[in-house]
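Below is one structure; the comments refer to it alone.
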């Protein structure tokens, strides 16, 4: 069993929300994107990323099931990477046909849950965490200038939250046709809670603060998501805040068609 909760909030400073979140419980997919760019282009990029990624992965998983193909970790990782590449292609095409969207981009973090594994793909500084048996572990490493400085020993992790360059990312969708997706998979256990979030949460809350909120609200994912967003806003709410929570607990409706969903995005951009 897999239980989801999804919440997004504009925060207290930004005029509109450029984050996008999507979950498909049937295929056990969760994806979150944090857009950037002028003329509301950030929300266009993040919306395309989540929609196209989910639709592409759904299609691949359907085909894999029909062919009774191998569903091991490596094959699922390849499907995840292909879905990210497809999302990148759609973002670049949207920017090409609509000049006002030129320069838009987005981060992306996504999870695919399969049996006793979770496959994670990410690009940028949106994060994935795992809460297990009272401990919180960050599973992704930011693709950012600040993370490179931390890795080089130039900045301490304790000071990093206050660094002026913490939002300068080194990888994003929508920048170039060649993208470098980081992908990993991990064994999952009963009771695990996985948290995907935009930097509007991780910039406002320390890992210790997140851990305290998780410990106090782990039994109710909806309350937990509300509590995380409320705490981020109480600490300043300087950016959009989005969270996806997935908890492992020990007749599907037909999913929307791939081309219908992706075509809707492209038609909205062209008119």
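So here's what we get for this one:
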| quantity | calculated |
| --- | --- |
| Long-range neighbours under 8 Å by Cβ, at least six apart or interchain, first residue under 19 Å from residue 124 (Cβ atoms) within the range 16-27, second surrounded by fewer than 22 Cβ atoms within 10 Å (Cβ to Cβ) and modelled with pLDDT under 95 | 18/36; 18/40 |
| Flag for residue 92 being out of contact with any helix residue (DSSP H, G or I) (no Cβ under 9 Å at 6 or more places or on another chain) and assigned to a helix (DSSP H, G or I) | yes |
| Qualifying residue in the range 27-47 (condition: over 12 Å from the mean Cα position of the chain (by Cα) and over 17 Å from residue 102 (Cβ atoms)) | yes |
| Some residue of the range 43-61 being in contact with a strand residue (DSSP E or B) (Cβ under 6 Å, 6 or more places away or on another chain), surrounded by 15 or more Cβ atoms within 10 Å (Cβ to Cβ) and at pLDDT below 95 | no |
| Candidate set: the range 171-180, residues that are surrounded by 16 or more Cβ atoms within 10 Å (Cβ to Cβ) and within 16 Å of residue 147 (Cβ to Cβ); chosen: the one farthest from the chain's Cα centre (by Cα) | 171 |
| Some residue of the range 71-89 being over 20 Å from the mean Cα position of the chain (by Cα), surrounded by 13 or more Cβ atoms within 10 Å (Cβ to Cβ) and outside any helix (DSSP H, G or I) | yes |
| Filtered residues of the range 15-42 (kept if surrounded by fewer than 17 Cβ atoms within 10 Å (Cβ to Cβ) and at pLDDT below 95) | 15, 16, 38, 39, 40 |
| Odd one out for residue 13 among (1) under 25 Å from residue 199 (Cβ atoms); (2) out of contact with any helix residue (DSSP H, G or I) (no Cβ under 6 Å at 6 or more places or on another chain); (3) not in a loop (DSSP other than H, G, I, E, B) | (3) |
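Yes/no per residue for (1) at pLDDT 95 or above; (2) touching a helix residue (DSSP H, G or I) at 6+ places or on another chain (Cβ under 7 Å); (3) surrounded by fewer than 16 Cβ atoms within 10 Å (Cβ to Cβ); (4) within 24 Å of residue 54 (Cβ to Cβ):
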position: 106; (1), (2), (3), (4): yes, yes, no, yes
position: 112; (1), (2), (3), (4): yes, yes, no, yes
position: 118; (1), (2), (3), (4): yes, no, no, yes
position: 126; (1), (2), (3), (4): yes, yes, no, yes
position: 147; (1), (2), (3), (4): no, no, no, no
position: 151; (1), (2), (3), (4): no, no, yes, no
position: 154; (1), (2), (3), (4): no, no, yes, no
position: 160; (1), (2), (3), (4): no, yes, no, no
position: 166; (1), (2), (3), (4): no, yes, no, no
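The values are calculated or read from the model by the stated rules, or taken from the named source; none is laboratory data. Because the structure is predicted, anything quoted here is derived from the model rather than measured. FYI the Cβ positions are ideal-geometry reconstructions off the backbone, even for glycines, and counts take in every protein chain you see.
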